[in-house]
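Have a look at the structure below, then the notes.
The values are calculated or read from the model by the stated rules, or taken from the named source; none is laboratory data. Note that the coordinates shown come from a computational prediction; the quantities given were computed from them, not determined experimentally. Here the Cβ positions follow ideal geometry from the backbone for every residue, glycine too, while neighbour counts run over all protein chains shown. All accessible areas refer to the heavy atoms of the entire protein, side chains included, with ligands and DNA or RNA removed. Shrake-Rupley method; radii C 1.70, N 1.55, O 1.52, S 1.80 Å.
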Amino acid sequence: EDQVTQSPEALRLQEGESSSLNCSYTVSGLRGLFWYRQDPGKGPEFLFTLYSAGEEKEKERLKATLTKKESFLHITAPKPEDSATYLCAVPNSGNTPLVFGKGTRLSVIA
Amino acid sequence: KAGVTQTPRYLIKTRGQQVTLSCSPISGHRSVSWYQQTPGQGLQFLFEYFSETQRNKGNFPGRFSGRQFSNSRSEMNVSTLELGDSALYLCASSSQLAGLTDTQYFGPGTRLTVL
């Protein structure tokens, strides 16, 4: 069965302290990798889609990269408002539109 | 463009009752997917509808069902509620065509509490 594993489960950063979140996946024939941000009690908010190894996308302090086995979400000089759970997902080679990782809960402390 | 809307936002039910949740997709999107999110299991896929037909189904019991209308709006129903059905139910829409993978956009969710 296709799997998506995110690490770490939780990450606590000081404001301005850059770091990276990891998403590793096992799926045959990757048809895209999706990053979402989710605030407590709300629906996931779309951030990025990556389709091929070597692809990079940026949005404000976030940059997503993709290799053949994993994706990284780099957070540069984070601010408290970046605190959220970050989810990655891939389309299953089977019958589900998206398989989600459990997420990384990011806390940025001022 | 208006986003995905879900109603109601909050529901409290008792065991044994049934519940219907509603989702209106982004205008022009024909695919609607439903997910259940719990702290222990994360986001789990329930089913997907495309042009009024269930195209995919996750590993949930038959108490969970859904449908899609000609205007792409979708409803999901849970019968004979159990305590374990307490969760955030999320609807996502996309313009996904068969064989392609397009971005799914999520609604705010319906928080269901079963007492």
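Quick one: how many residues across the range A:68-110 are open to solvent by less than 10 Å² (accessible area, probe 1.4 Å), within 14 Å of chain B (Cβ to nearest Cβ) and hydroxyl-bearing (S, T, Y)? Final tally of qualifying residues: 2. Sub-9 Å Cβ pairs linking a first residue in the range B:1-28 that is free of Cβ contacts under 8 Å to residues at least 40 places away in the same chain to a second residue that is hydroxyl-bearing (S, T, Y) and in a loop (DSSP other than H, G, I, E, B), at least 6 apart or interchain, are B:K1/B:S27; B:A2/B:S27; B:S27/B:S72, ordered by first then second residue. For the range B:2-32, the set of residues classified as hydroxyl-bearing (S, T, Y) and either modelled with pLDDT of 95 or more or in contact with a Lys or Arg (Cβ under 7 Å, 6 or more places away or on another chain) (or both) consists of B:T5, B:T7, B:Y10, B:T14, B:T20, B:S22, B:S24, B:S27, listed by residue number.
Among the conditions (1) touching a residue at least 40 places away in the same chain (Cβ under 8 Å); (2) open to solvent by less than 30 Å² (accessible area, probe 1.4 Å), the only one that A:L62 does not satisfy is (1).
When the criteria are applied in full, A:G54 meets the requirement of being on the phi > 0 side of the Ramachandran plot and open to solvent by 30 Å² or more (accessible area, probe 1.4 Å).
Is it the case that the range B:50-70 has a residue that's free of Cβ contacts under 8 Å to residues at least 60 places away in the same chain, of a type in the set (S, T, Y) and open to solvent by less than 40 Å² (accessible area, probe 1.4 Å)? No, the conditions are met nowhere in the range B:50-70. For the range B:90-110, filtered to residues that are of a type in the set (S, T, Y), modelled with pLDDT of 80 or more and part of a loop (DSSP other than H, G, I, E, B), the residue that is most open to solvent (accessible area, probe 1.4 Å) is B:S95. Per the listing B:Q44, B:Q54, the residue uniquely touching a strand residue (DSSP E or B) at 6+ places or on another chain (Cβ under 9 Å), more than 9 Å from every other protein chain (Cβ to nearest Cβ), at negative phi and assigned to a strand (DSSP E or B) is B:Q54.
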